[in-house]
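Everything on this sheet refers to the single structure shown next.
FYI, it's all coordinate maths here, none of it is from the lab. As the structure is a computational prediction, the values presented were derived from the model and not from experiment. Because the Cβ atoms are built from the backbone with ideal geometry, glycine has one as well, and the counts that use them run over all protein chains shown.
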Amino acid sequence: MLFGINQGSTYDDLRIAHMEQIRELDLAGYAIGGLAVGETAEEMYHVIDVVETCMPVEKPRYLMGVGTPVNILEAVWRGIDLFDCVMPTRNARHANVFTWSGRRNLMNEKYALDEEPIDPQCDCPVCRNFTRAYLRHLFKSGEMLAMRLSVMHNVWFYNTLMMKIRESLDQGTFESFYRQYRTILDQRI
């Protein structure tokens, strides 16, 4: 499948003109590229708002290289369908894990003796079998298993997030899901 990739930095006029040009190519889908490279989240959301109004409604819409769970919620809210991002794996390798209560840094001292799973609301194999204290110990010891387990958890979390988003869209409850999680998922806990 060939997608047209919209470019134009944070300039509304360039973004709109480019989207108008590439939508004439009648491609399989359309992507918004060149974001999440230093602009604020608000600027990124503004660009999505501007470009989305020019994108064909019957074609998939792809936001390239984005993002955090909150970025994904905000983008779906604005009409985006597809995403790719290194964040779940890259962050996991640095002891940063995503949970239904917010972002957690497993290197924090408060987890040294914490016998809870990464996320009590998660049913991934990591959360079912390992504690925050054990994962922190693995990171502190330089064990590769720490990164592997954290990556497994984060990928599971992202897959579950996308599944819940799809379910809420199908059930017509996305607005309440969005409003419930848009501030929670971005908190540092």
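Please determine, in degrees from 0 to 90 and to the nearest 10, the orientation of helix 12-23 with respect to the longest principal axis defined by the Cα atoms of the chain, where the helix direction is its Cα long axis. So the inclination is approximately 80 degrees.
Between the helical axis of 41-52 and the longest alpha-carbon principal axis of the chain there is an angle of about 40 degrees. FRET efficiency for the pair Asp49 and Glu24, taken as 1/(1 + (r/R0)^6) with r the Cβ-Cβ distance and R0 = 25 Å, rounds to 0.70.
Computed from the C-beta positions of Glu42 and Asp81 and an R0 of 25 Å, the FRET efficiency is 0.70 to the nearest 0.05.
Only Lys, Arg, Asp and Glu carry charge here, each on its Cβ (+1 for the first two, -1 for the last two); on that basis the chain has a dipole of about 880 debye about its Cα centre.
Couplings for region 57-72, taken from phi via the Karplus curve 6.51 cos²θ - 1.76 cosθ + 1.60 with θ = phi - 60°, read 6, 8, 10, x, 10, 10, 9, 7, x, 10, x, 6, x, 5, 4, 5 Hz in order; Gly and Pro are left as x. If a paramagnetic tag sat 7 Å from the Cα of Val57 along the Cα-Cβ line, which residues of region 70-99 would have the backbone N under 16 Å from that point? Residues 78-81 fall inside that zone. Summarising the amide proton neighbourhood of Val66: residues at separation of 5 or more, or on other chains, whose placed amide H is nearer than 5 Å comprise Asp84.
Computed over region 1-81, the convex hull of the alpha-carbon atoms projects to a mean area of 4.7 nm².
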